[in-house]
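The values are calculated or read from the model by the stated rules, or taken from the named source; none is laboratory data. Just so we're clear, the structure is a prediction, and the values are computed from it rather than from any experiment. Cβ placement follows ideal geometry from the backbone for every residue including glycine, while neighbour counts extend to all protein chains displayed. Only protein heavy atoms, including side chains, enter the accessible area calculation; ligands, DNA and RNA are left aside. Shrake-Rupley method; radii C 1.70, N 1.55, O 1.52, S 1.80 Å.
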Amino acid sequence: MATLRHFRLKTDNQGIAWLHFDHAESNANVLSADVLAELGSVLDRFHKNPPRGLVILSDKPSGFIAGADVKEFTHLTERHRALNLIQVAHKRFESLATLPCPTLARIHGYCLGGGLELALACRYRVALDDAKTRLGLPEVLLGIHPGFGGSVRLIRRIGAPAAFQLMLSGRTVDAAKAARLGLVDHAVPERHWDRACRQILKTQPPQKRPSRLATWADTAPVRPLLAFFLNRQVAKRAPAQHYPAPHALIDLWRRHGAHSDSMFQAEAESVADLLLSDTSRNLVRMFFLRERLKGLGKESADFARVHVVGAGTMGGDIAAWCASKGLTASLQDREPKYIAPAVKRAYRLFKRRFKAKHEETAARDRLIPDPKGFQVDRADIVVEAIVENLDVKRALYREIEPELAPDALLATNTSSLPLEELAAGLQHPERLVGIHFFNPVAKMQLVEVVRGSHTDDDSADRAAAFVRAIDRLPLPVKSAPGFLVNRVLMPYLLEAVVLLEEGIPADAVDRAATEFGMPMGPIRLADTVGLDICLAVAEILTENLGGEVPRLLRDKVAAGELGVKSGTGFYRYQRDKPIVWRKSTSSLPRRTIEERLILRLLNECVAVLREKVVEDPDLVDAGMVFGAGFAPFRGGPMHYLKQHGIAETQQKLAEFAFTYGPRFQPDPGWDKLQIPA
Ligand code: NAI
């Protein structure tokens, strides 16, 4: 056997072979083509000369196997090559599954995608029961579905209903849940881990099987019915025209069932098609953009204590999130009564996030109500999230700056005030940064890291590192009105209001946006954010950048109709859900509504690039997808624009400017716009 680069093989005195996987070129174990080739050669040898048992384990601290090598996907341009790559993996996994000796995957940390598919090809699986172990098949999030035989083996192991819950959502589960599902044979603490592996190989108990009911779900008469319901459920989140993968997976199971071997071949063919689809390419693109954002914040152990001032909507949730991520978070407000509701919300978050009672209690202990600000001088970073008022914020800075530890960062969550004005009067303006979270904090992954003209490099870098330390994605932006996300969203929201003024029904406007792929229509979004907040941001942006605020928005706010929070906005709400009796008909075609909304958004993207609010078009895409949910399967607004043609889009804007008014006038940035491949 040729020397191994990615694996190390040890056979112990009981004749058990321990195959250690340690990818030679990557921090995480991924199943690249050369890894699969090497695995093949090891398995060939075992077929000729089987050990008493085989344990596959990882030497990487991060986990077992993170999945297939996503980088290799990006080089695939021809279907037969894609199919070939998948079939090679199928062959290797089949070789593993048919070894004459008992086989076992010893799992810790990440066991995802192809990694879990490999584990499923083993006869047994034993997972380390700790907070880091996560198992799942997240392929749908990349626009494909399990392709290394995993869909078949998973259904055989845990039954179709549970298997589809995992595969269609891409959700991961911890070791204990995996054991309950039958995905692993045992979830054990570290001290029993090796012993449990040896014991299973020695006793060779029968393999896990789904319940009778779950097995029945895989029979020919039942499959079409379950498939129908699964398709309907998935279509609500992932319509087939935008996200074909989950629908393809349901369909191939409906046709073949997991107990026929034809599903293996059908699975491979289906993934080969999906890999070359625009949706998959764009979702893979977003995967790499996410990695890029992660890389913009260095890993740092500097942040153990955060002090948050302002326990309102944002400050309360920021402190709670930080505490849930292991930081000690003190929370200050004018009086204890303003902190109490935030603590209540935080406890609800901890309950949701932590299954183990001791983890929940530890998170509660890390959140310290601190009305008098006693903890300020101990904090590594102070996040100010008080009312959006320049004088009030400055007065607070005057009070707390002398208290700060010498190298503590001072961060503001302001959404509209220029950092330069906030920094005036500070003794150390260089350490003031903006850290702009989005609402709701626990859901929105993006955080804009705002650099003012005084902010020094070190503070900007550390702010990004803080954002990474609490597991959010930092996007560096220049201090400019609305930064990136709010600025680009605003013309899109305002155009939606103009459409309402023209008599287009709210649900027709929203439908045009959701059918384009937005997670929520602009009218509902405005109602959800609060029309008063929308109006405030719109006023600041139009003051600085020109344009007009539609009268209807002002009227609504003046009438106290503020959206979800007041029960009425552009919609009327019942239990926070808009009342829509039936689909309204619109006098404008859906396509025109969509174009008007999206063209204004794209025009603003071009403007922010011209002004260098962010460095490059990819960062616009990352910001708008992770910060505003812009249709991820389109790869971001700039990518969408490139695919549609820059010149054609500019031309369309000019036509719309003629028809609808100067708000569609193409930004000067269009003339020099370049979007690299
Ligand atoms: P909020 O009105 O819910 O909370 C502000 C809190 O600050 C209140 O509890 C108030 O008692 C407290 N406060 C006021 N002056 C104080 C002082 N001198 N010392 C201590 N506490 C004081 O406001 P919200 O919505 O949480 O906004 C806070 C900041 O976050 C603002 O700068 C806003 O622009 C920004 N922001 C808001 C977003 C949102 O969706 N609400 C999104 C992103 C940023």
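Quick test for you: out of Val557, Val614, Val580, Val564, pick the one residue that is in contact (Cβ under 8 Å) with a residue 60 or more places away in the chain and more than 21 Å from Leu475 (Cβ to Cβ).
From the options Val557, Val614, Val580, Val564, the qualifying one is Val580.
Hey, among the residues in segment 368-405 that are at negative phi and of a type in the set (Gly, Ala, Ser), which one's nearest to the chain's Cα centre (by Cα)? Break it down stepwise before answering.
Taking segment 368-405 first, the residues at negative phi are 368-372, 374-405.
If we keep only those that are of a type in the set (Gly, Ala, Ser) too, we end up with 379, 385, 395, 405.
Numbers: Ala379: 29, Ala385: 24, Ala395: 37, Ala405: 34 Å.
Among them, the one singled out is Ala385.
Restricting segment 632-677 to residues that are of a type in the set (S, T, N, Q) and farther than 27 Å from Val549 by Cβ, which is nearest to the chain's Cα centre (by Cα)? Talk me through it step by step, then tell me what you get.
Our first condition is that a residue be of a type in the set (S, T, N, Q); within segment 632-677, this holds for 643, 649-651, 659, 665, 674.
From what's left, farther than 27 Å from Val549 by Cβ: 643, 651, 674.
Numbers: Gln643: 24, Gln651: 34, Gln674: 28 Å.
For segment 632-677, the residue satisfying everything is Gln643.
Can we say Ala176 is small (Gly, Ala, Ser) and open to solvent by 10 Å² or more (accessible area, probe 1.4 Å)? So that I can check it myself, show each step before the final result.
Details: small (Gly, Ala, Ser): yes; open to solvent by 10 Å² or more (accessible area, probe 1.4 Å): yes.
Spelling it out, Ala176 is indeed small (Gly, Ala, Ser) and open to solvent by 10 Å² or more (accessible area, probe 1.4 Å).
Please find, among Asn413, Asn486, the residue that is of a type in the set (S, T, N, Q), over 16 Å from His307 (Cα atoms), within 14 Å of the ligand (Cβ to nearest atom) and modelled with pLDDT of 95 or more.
Numbers: Asn413 fails: over 16 Å from His307 (Cα atoms).
Residue meeting the stated conditions: Asn486.
Scan Lys337, Lys357, Lys344 and give me the residue that is under 33 Å from the mean Cα position of the chain (by Cα) and within 15 Å of the ligand (Cβ to nearest atom).
Numbers: Lys337 fails: under 33 Å from the mean Cα position of the chain (by Cα); Lys357 fails: within 15 Å of the ligand (Cβ to nearest atom).
Step by step, each of Lys337, Lys357, Lys344 is checked, and only Lys344 is under 33 Å from the mean Cα position of the chain (by Cα) and within 15 Å of the ligand (Cβ to nearest atom).
Within segment 370-410, which residues are away from the ligand (no atom under 11 Å from the Cβ) and open to solvent by 70 Å² or more (accessible area, probe 1.4 Å)? Don't jump to the end; show me each part of the working.
Going residue by residue through segment 370-410, those that are away from the ligand (no atom under 11 Å from the Cβ) are 374-382, 401-410.
Selection gives Phe374, Asp377, Arg378, Pro402, Glu403, Pro406, Asp407.
Per-residue answers, yes or no, for (1) exposed (fewer than 14 other Cβ atoms within 10 Å of the Cβ); (2) more than 29 Å from the chain's Cα centre (by Cα):
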site: Cys534; (1), (2): no, no
site: Glu543; (1), (2): yes, yes
site: Glu548; (1), (2): yes, yes
site: Val557; (1), (2): no, yes
site: Tyr573; (1), (2): no, no
site: Arg582; (1), (2): yes, yes
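Given the conditions (1) farther than 27 Å from Ser280 by Cβ; (2) at pLDDT 95 or above, which single one is not true for Arg582?
Going through the list (1) farther than 27 Å from Ser280 by Cβ; (2) at pLDDT 95 or above, Arg582 breaks only (2).
Applying the selection to segment 273-317, what residues are among the charged types (D, E, K, R) and more than 16 Å from the ligand (Cβ to nearest atom)?
Taking segment 273-317 first, the residues among the charged types (D, E, K, R) are 273, 278, 281, 285, 290-292, 294, 298-299, 302, 305, 317.
Within segment 273-317, Asp273, Asp278, Arg281, Arg285, Arg290, Glu291, Arg292, Lys294, Lys298, Glu299, Asp302, Arg305 meet the criteria.
So is Ala442 open to solvent by 10 Å² or more (accessible area, probe 1.4 Å), more than 26 Å from Gly569 (Cβ to Cβ) and not charged (D, E, K, R) or not? Steps first, please.
On the way: open to solvent by 10 Å² or more (accessible area, probe 1.4 Å): yes; more than 26 Å from Gly569 (Cβ to Cβ): no; not charged (D, E, K, R): yes.
The answer is no for Ala442.
Kindly indicate whether Leu275 is under 25 Å from the mean Cα position of the chain (by Cα) and closer than 15 Å to Leu154 by Cβ. Lay out the reasoning, then the answer.
Working: under 25 Å from the mean Cα position of the chain (by Cα): yes; closer than 15 Å to Leu154 by Cβ: no.
Criteria not met by Leu275.
If I filter segment 416-440 down to residues being more than 10 Å from the ligand (Cβ to nearest atom) and either in a loop (DSSP other than H, G, I, E, B) or free of Cβ contacts under 8 Å to residues at least 24 places away in the same chain (or both), which single residue comes out as nearest to Ala463 (Cα to Cα)?
Ranking the candidates gives His428 first.
Suppose we filter segment 453-463 for residues that are open to solvent by less than 10 Å² (accessible area, probe 1.4 Å) and either aliphatic (A, V, I, L, M) or within 16 Å of the ligand (Cβ to nearest atom) (or both); how many remain?
1
Taking Leu349 as the residue in question, decide whether it is among the hydrophobic types (A, V, I, L, M, F, W, C), farther than 30 Å from His242 by Cβ, within 16 Å of the ligand (Cβ to nearest atom) and surrounded by fewer than 24 Cβ atoms within 10 Å (Cβ to Cβ). Step through it out loud before you land on a result.
Numbers: among the hydrophobic types (A, V, I, L, M, F, W, C): yes; farther than 30 Å from His242 by Cβ: yes; within 16 Å of the ligand (Cβ to nearest atom): yes; surrounded by fewer than 24 Cβ atoms within 10 Å (Cβ to Cβ): yes.
It is true that Leu349 is among the hydrophobic types (A, V, I, L, M, F, W, C), farther than 30 Å from His242 by Cβ, within 16 Å of the ligand (Cβ to nearest atom) and surrounded by fewer than 24 Cβ atoms within 10 Å (Cβ to Cβ).
Find the residue count for segment 626-677, including only residues that are under 30 Å from Arg237 (Cβ atoms), open to solvent by 10 Å² or more (accessible area, probe 1.4 Å) and in a loop (DSSP other than H, G, I, E, B).
To start, the set of residues in segment 626-677 that are under 30 Å from Arg237 (Cβ atoms) comprises 626-644, 649, 675.
Still in the list and also open to solvent by 10 Å² or more (accessible area, probe 1.4 Å): 626, 628-629, 632-634, 639-640, 642-644, 649, 675.
In the following step, the residues that additionally are in a loop (DSSP other than H, G, I, E, B) were identified as 629, 675.
Result for segment 626-677: 2.
Is it the case that segment 70-78 has a residue that's in contact with a helix residue (DSSP H, G or I) (Cβ under 7 Å, 6 or more places away or on another chain), open to solvent by less than 30 Å² (accessible area, probe 1.4 Å) and within 19 Å of Val184 (Cβ to Cβ)?
Initially, segment 70-78 is screened for residues in contact with a helix residue (DSSP H, G or I) (Cβ under 7 Å, 6 or more places away or on another chain), giving 70, 72-74, 76.
From what is left, the residues that are open to solvent by less than 30 Å² (accessible area, probe 1.4 Å) are 70, 73, 76.
So of that shortlist, the ones also within 19 Å of Val184 (Cβ to Cβ) come out as none.
No - not one qualifying residue is present in segment 70-78.
Hey, Thr103 hits all of (1) open to solvent by 30 Å² or more (accessible area, probe 1.4 Å); (2) in contact with a strand residue (DSSP E or B) (Cβ under 8 Å, 6 or more places away or on another chain) but one; which does it fall short on?
Every listed condition holds for Thr103 apart from (1).
Among the candidates Ala268, Ala245, Ala227, Ala323, single out the residue that is touching a strand residue (DSSP E or B) at 6+ places or on another chain (Cβ under 6 Å), modelled with pLDDT of 95 or more and either open to solvent by less than 50 Å² (accessible area, probe 1.4 Å) or under 19 Å from Ala162 (Cα atoms) (or both).
Details: Ala268 fails: touching a strand residue (DSSP E or B) at 6+ places or on another chain (Cβ under 6 Å); Ala245 fails: touching a strand residue (DSSP E or B) at 6+ places or on another chain (Cβ under 6 Å); Ala227 fails: touching a strand residue (DSSP E or B) at 6+ places or on another chain (Cβ under 6 Å).
On inspection, the qualifying residue turns out to be Ala323.
Against the condition in a loop (DSSP other than H, G, I, E, B) and not aliphatic (A, V, I, L, M), how does Gln265 come out, does it pass? Lay out the reasoning, then the answer.
Numbers: in a loop (DSSP other than H, G, I, E, B): no; not aliphatic (A, V, I, L, M): yes.
Taking the combined requirement at face value, the residue does not satisfy it.
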